[in-house]
1. How much length would be gained if the chain were fully extended between Val333 and Thr458, taking 0.36 nm per residue of separation minus their Cα-Cα distance, in nm to one decimal?
2. Output the pairs from Lys314/Lys463; Lys94/Lys450; Lys314/Lys450; Lys315/Lys463; Lys94/Lys463; Lys315/Lys450 with a Cα-Cα distance over 21 Å in this structure; if there are none, say none.
Amino acid sequence: MGLTELELNTLSLAKDFGKAFGILAGIASVHVSPAVLLIIGAIEGLIGYGVQWLIVSQRIEPLKCWQDMTNTAILVTCITNFPNHRGPVTGILKGYLRLSTPIVTVFCLALFNKEPAGYLLMFTVASFSVCLFRPMKSNAAEEKSHTRYFAIFYVVATVIALLLLIFDVTGEHGNTQSQVFCIILLILLTFLLSVPVHIAIQNLIISNKKTLDPEAFTTVVKEDEKGASTVAEKTPPVIREEHRATDVLMTMDFWILFMSFFFGVAAALVVQTNMIQMGLEIGYADVSKLISLTNMWGILGRGGSGLISEYFMKKVGTPRLVWNAASQILIAVSYVLMAIAMPGSLYIGSIIVGICYGVRLTITITSASEMFGLKHYGLIYNIIILNVPLGSILFSDLLAGFLYDAEATATAGGGNICIGAHCHRLVFIVMAIMCVVGFVLDVWLAIRTKALYSKIYTNQKAKKSVAVSNSR
């Protein structure tokens, strides 16, 4: 078509630009409850996917895209319901969000290959129906079992990611094989439903026991009240829980977090957006493996960073931002390897970028809730996520495209072409420098938040001490 790399990269902005409209969901989350926001998102999803079904089935002409608010509603609801497990919750949510694309692709090709409109109709009804379920709230009695449940979700996500990777790298599959693979995925996804069902049954049994034994119920209530008052006396107040968005925007901590996330996300997006082009120009025959590796390790990075950072924070009070700094320096190293074109460096780079992008996404989102509280968290989250379209425009589109065109050779058709390791070398060098800047910002913020995480660690120890004394 005679397009330059700069023009081709402009086309890829569509997938990231929609995130900029998430700010509307963030503003709405300040004024309405997550349940209302979820219903709004469900209706928008019903309309959006319904319109896509009408378009694909050729009943109407194509229209503009829609804004969906379910992402903000789900994230805010889950972190509010599990405030003591923010890392695992965020990692698992973002991990399954990353899994959704390859899973949906497999289902669409296997079950609706000849009728994509039927798939969209099914997805329209399913996505709307799921949003109507009432979220389950946790209580203190279930606190010990939360870690086990989160581990189940993470293990299943890892298994699904590995299966998807194997399925993708083993080449073409027949319709029967694809359908069998879909059944396996359905079994694994259905297994996850056993967790809330198990919790609901347990709560029902406990509720029935209390109803049948009023005296026991009274005793439990008294003990709980006593325990609650003891906790209130022995533990300090909740740290930085009620920051307004306008106040947060006036703090240096927020802008350090914002800029460090910007440098990390921008660097990772350059590789993810241009992965196919980078692979082809240095002679990789099958670049789909690179994309699969990035996706799989990205899922592991999202979920694993949440669990690991939570463990070290509660165990020794390690600031979460330390993991951001570690991921940033690893990405810088991977860019240096790709710049000097070491054998297999693009495979290594795709793995490291996948892991570190997942780490940065989970850690940043979780840290924001701990640093600035949950009062306006939906809005704060969406302001931070503005870095995705911003980084995509400035670096994946403009910078990477401009530097590539500078190395490319003009073709007779009016476009250009570049073959060889030198095509993106300057891009890799610039991104490595950006990662070093991001690393410095992450270390700075980790030092600034050390006192905050020390207080969170002290709170956790105080609560455990009270719980142990009450159980004796």
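None of the figures in this text is laboratory data; all of them are computed from the coordinates on show. Predicted model only: the values in this text are computed from it and were never measured.
1. On the way: separation 125, 0.36 × 125 = 45.00 nm, distance 3.56 nm.
Roughly 41.4 nm would be gained on extension.
2. Details: Lys314/Lys463 12 Å; Lys94/Lys450 26 Å; Lys314/Lys450 13 Å; Lys315/Lys463 13 Å; Lys94/Lys463 29 Å; Lys315/Lys450 14 Å.
Distance filter (> 21 Å) returns Lys94/Lys450; Lys94/Lys463.
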